[in-house]
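Colleague: Please see the structure below; I have some questions.
A short reminder: the numbers here are calculations on the coordinates, not readings from a lab. If you're wondering where the values come from, they're calculated on a predicted model, not measured in any experiment. Cβ atoms come from the backbone with ideal geometry, glycine included; neighbour counts cover every protein chain shown.
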């Protein structure tokens, strides 16, 4: 039982949000299915440590991170081959090379950008298969031993931040049509402050994320199109910053309760939600009635 | 007459109609109709109105079960559903990640707009492609274990499994009632 499925069913932004929010460590195998890059036989391995992207490799390609080092002449293949065996087990080669002065921090960042570019490209695929090999239950030292440390820079980025970047860059929005929030939905903030630097529209949207104001009203207030606001909202959702709250114009149930009248005694359920809004009415709870049905149902177990 | 009203919600095909059929003492009113939209790719038939079932004790006390149409938007149907409701069961199919988004929407709606006690029933966990219950919870945005509503694995076509799920909800109702009294 693992996290697996098709990209057309569960999108990469959703998946990265899930791996981030669950603090997952492991290997995400992605087999894209597209005419110009069919990776069925050479899948992408996207590596996560505690919900953070730490590297990307291909099944049949080695030395991703070090390609840039050789390309730019920062180190020769001969020096790399000499230094590699000295890198302690479970330590990313990038941080080791930096610790001995072979590479600078700037060079490491440039190396990580190569990884990141590959991952961002993955977000553009409409079709593909993914499966996550979960290491989260293992000890940290064991997890690190399973990671391709000889191809890692040691730099990491939160899964949600990667998803946010990918969605800012994409032009391919058709595949997300069913996941965009409804025009009538509100947005609820999940954190008091955004940990990511937001672009202008996202910042404005963040201000309106009071769970009440609908996307349509926000778009009108911001003099922007519904579509653009929905896309920005989706970005914030995938960044783990807001949650869509569907709206419905629920009238008070007290209008006519007789046909479905709840029992009249006992304690009632909470009367206000987290935003202080009055939720729709529900039935009150009769303890003896509930116990009677519990006894009845237990006979069916 | 004393009544309890339980509403079963969830995406298309999560098992809501089966759930009610498995336990109801009366023939469940068949509100399934041939699906004509994108739902048709999931099920040939889908629930277009509310499924309805009931359980009656010798004393005449009744427990009503109402199933929400899977493809329902958050419209007038919910107004009918929430009248006098005592608790909800959100059914989520563990092997259909494409439905997690819809389930998450329903969950947020019930949490924020209705706030009746709710539990989550995870179905189809025995299927080959099923996700772990904990991963389904993450996909629903339920991150912290202590903040989650009760979660049960349920086989919607087994009356004993459905009974167990209902008992879990009733236990939760008692806890909520005790907490606010």
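Colleague: Assuming R0 = 22 Å, what is the FRET efficiency of residue A:287 and residue B:25, from their Cβ-Cβ distance, to the nearest 0.05?
Modeller: On the way: r = 23 Å, r/R0 = 1.06.
Once rounded, the FRET efficiency stands at 0.40.
Colleague: Note the full-extension length gain between residue A:295 and residue A:6 as 0.36 nm times their separation in residues minus their Cα-Cα distance, in nm to one decimal. Don't jump to the answer; show the numbers that get you there.
Modeller: Details: separation 289, 0.36 × 289 = 104.04 nm, distance 4.37 nm.
My answer for the length gained is 99.7 nm.
Colleague: Further question on the same structure: Checking the a/c ratio against 1.5 first, then a/b against b/c, what shape does the Cα gyration tensor give for region A:114-153?
Modeller: On the way: a/c = 3.88, a/b = 1.59, b/c = 2.44.
Because a/c hits 1.5 or more and a/b fails to exceed b/c, region A:114-153 counts as oblate.
Colleague: Continuing with the same structure: Could you run the Debye sum over the Cα atoms of region A:4-158, one equal point scatterer each and no solvent, and tell me log10 of I(q)/I(0) at q = 0.13, 0.15, 0.20 Å⁻¹, two decimals?
Modeller: -0.60, -0.79, -1.27
Colleague: Normalising by the residue count of chain B, find the relative contact order in percent from Cα pairs under 8 Å and 6+ residues apart. Intermediate results must be reported in sequence, preceding the final value.
Modeller: Working: 337 pairs, mean separation 44.3, N = 181.
Relative contact order for chain B comes out at 24 percent.
Colleague: Going by the alpha-carbon gyration tensor, a ≥ b ≥ c the square roots of its eigenvalues, is chain B rounded (a/c under 1.5) or, if a/c is not under 1.5, prolate (a/b greater than b/c) versus oblate?
Modeller: Rounded.
Colleague: Distance from the Cα centre of region B:128-171 to that of region A:183-209, in angstrom?
Modeller: Spelled out, the Cα-based centre of one part sits 31 Å from the other.
Colleague: For each of A:74, B:131, A:173, A:47, count neighbouring Cβ atoms within 10 Å of the residue's Cβ, then give the residues from fewest to most. The partial results should precede the final answer.
Modeller: Numbers: A:74 18, B:131 29, A:173 13, A:47 23.
Ascending Cβ contact count within 10 Å gives the list A:173, A:74, A:47, B:131.
Colleague: Same structure again: Apply the a/c threshold of 1.5 to the C-alpha gyration tensor of region A:84-163 and tell me whether it is rounded, prolate or oblate.
Modeller: Values: a/c = 2.47, a/b = 1.30, b/c = 1.90.
Verdict is oblate for region A:84-163.
Colleague: A further question on this structure: In percent, what relative contact order does region A:180-245 have, based on Cα pairs under 8 Å that are 6 or more apart in sequence?
Modeller: Values: 94 pairs, mean separation 33.9, N = 66.
RCO, region A:180-245: 51 percent.
Colleague: So how do A:130, A:16 line up by other beta-carbon neighbours within 10 Å, fewest first?
Modeller: Values: A:130 23, A:16 28.
Fewest-to-most Cβ neighbours within 10 Å comes out as A:130, A:16.
Colleague: Continuing with the same structure: Can you tell me the relative contact order of region A:29-187? Whole percent, Cα pairs under 8 Å, sequence separation 6 or more.
Modeller: Relative contact order comes out at 33 percent.
Colleague: I need A:4, B:175 ordered by Cβ neighbour count within 10 Å, fewest first. Walk me through the intermediate numbers first.
Modeller: Numbers: A:4 18, B:175 12.
So the ranking, lowest neighbour count to highest, is B:175, A:4.
Colleague: Once the piece of chain linking residue A:197 and residue A:113 is laid out straight, how much longer is it, given 0.36 nm per residue of separation minus the C-alpha distance between them? Please list the in-between numbers first.
Modeller: On the way: separation 84, 0.36 × 84 = 30.24 nm, distance 1.84 nm.
Length difference between fully extended and current span is 28.4 nm.
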